[in-house]
Structures are given as structure tokens and as C-alpha cells.
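See below for the structure under consideration.
The values are calculated or read from the model by the stated rules, or taken from the named source; none is laboratory data. What you see is a predicted model; the values in this text were computed from it and never measured. All Cβ positions, glycine included, derive from the backbone under ideal geometry; neighbour counts span all protein chains shown. We work out accessible area using only protein heavy atoms, side chains counted, and drop any ligands, DNA or RNA first. Shrake-Rupley method; radii C 1.70, N 1.55, O 1.52, S 1.80 Å.
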Amino acid sequence: MSDYRSPFDTLANGALHWFNKEWKIVSFDLAKENVYLLQPPPFVRSTSFYGDCLRLQVLGGCLCFVHEKRDECLDIWFLRKTGESSSSDVNEQDNYDLLSWIKEFSIPIGESGAEPCALTNSGEVLMRYKGCLFCYNPQTASLEKLMDNEFGYVFPHVNSFVSLEALGERGSKFRKKV
């Protein structure tokens with residue numbers, strides 16, 4: 001295995017997720033304070049990963065298993081209720097028996113370093129690749145460059161009705177430069 005991200009970087013559905021030594025996924029439910037083991041996608045038990053990159057990520061509100069096969073393709077597996085094919089909130093701790101990994105994307109890449117950022121409303125994948133922002137259309141299996149490397153980093157934003165003031169913030173501690 002060439003690399004994976006820090007163990008506690010994936011928060012999905014109120015739980016932290018990370019890999020253990022056997023490449024099973026550990027899930028810590030923050031509300032219930034319980035630890036669960038999720039099985040990885042089926043290929044994990046029978047594949048050598050030398051040079052590959054594996055990571056957990058949230059896309060479209062779902063926990064995803066991203067498998068970047070060195071200089072070949074980027075496979076994205078979604079953890080979904082059996083029979084579902086679109087994004088939905090899944091509380092994996094309540095229904096382990098109803099969950100399975102579904103490979104929804106296999107994006108051809110010529111070099112390593114592709115990172116999915118988000119899903120669009122039309123089902124395309126926005127991703128950083130070769131220092132640029134790309135969009136992968138699964139209908140046409142095409143990868144389109146949207147921006148050169150001047151865009152910087154992409155951080156998905158999720159709207160919230162939680163007021164910072166209600167959380168104890170009393171105003172900005174930062175001032176705008178004039």
C-alpha cells in the first residue's frame with residue numbers, strides 16, 4: 001500500500017471511519033459512543049494493493065471507498081442500502097444487514113493523483129487531477145478539464161441551519177482588510 005490518509009479524516013452519518021490493520025472499516029458512532037466494524041468492498045479481501053491508494057471519503061452524503069489503481073483507474077464504491085443506486089442518508093449502525101458496497105464509478109486515469117471532490121446534481125464527479133479541476137461524466141465516460149491549477153483547493157460546503165451565535169460565537173474575531 002503506498003498511501004492512505006490520516007485515520008480519523010472521514011466523518012459520515014454521525015460516525016468517524018478509518019481502516020484497521022486488516023483493512024476493515026472501523027466506525028465510531030459519536031452519538032451512541034459505540035464502535036462497529038464494516039466490511040470493505042469485496043475486492044479488498046482478494047487483491048494486492050502494491051502502489052495503489054485507498055481512502056475513505058464522503059461524496060453526495062454517502063460514505064465511499066476510493067481505490068486509485070496506480071496509473072489505471074479510480075474506482076469509487078458507495079456504501080448503500082441494498083437495491084439503492086442514488087445518494088441517501090444511511091445510518092449504517094442501525095442496519096448492517098441492509099448495507100452493501102456498490103461500485104458506481106470507474107474513472108480511467110493515466111497518472112496517479114486523482115482526488116474526487118464532489119458529485120454534481122447531474123451525477124458527474126468533480127475531481128482534482130494533474131493539478132487541475134476536472135469533471136467526469138459517467139454517461140459519456142469523458143473527462144473534461146474545467147480549470148487550470150490556479151483554482152487552489154476544493155472544500156465541499158454543506159449548508160446548515162445551526163447558528164454560530166447559538167454555539168457561543170459572539171461575533172467575528174477577524175477583521176476585513178480595508
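Please check which bits of segment 22-42 a label hung off LEU11 would reach, taking the label as a point 7 Å along Cα-to-C-beta and the cut-off as backbone N under 15 Å. The answer is 28-33, whose backbone nitrogens lie closer than 15 Å to the label point.
Accessible area per residue (1.4 Å probe, heavy atoms of protein chains only) ranks SER160, SER112 as SER160, SER112, with the largest value leading.
Extension gain for THR82-LYS69 works out to 2.1 nm (0.36 nm per residue, less the C-alpha to C-alpha distance). Which residues in segment 100-117 place their backbone N less than 11 Å from a point set 7 Å from the Cα of ALA141 along the Cα-to-Cβ direction? Zone members listed by number: 106-108.
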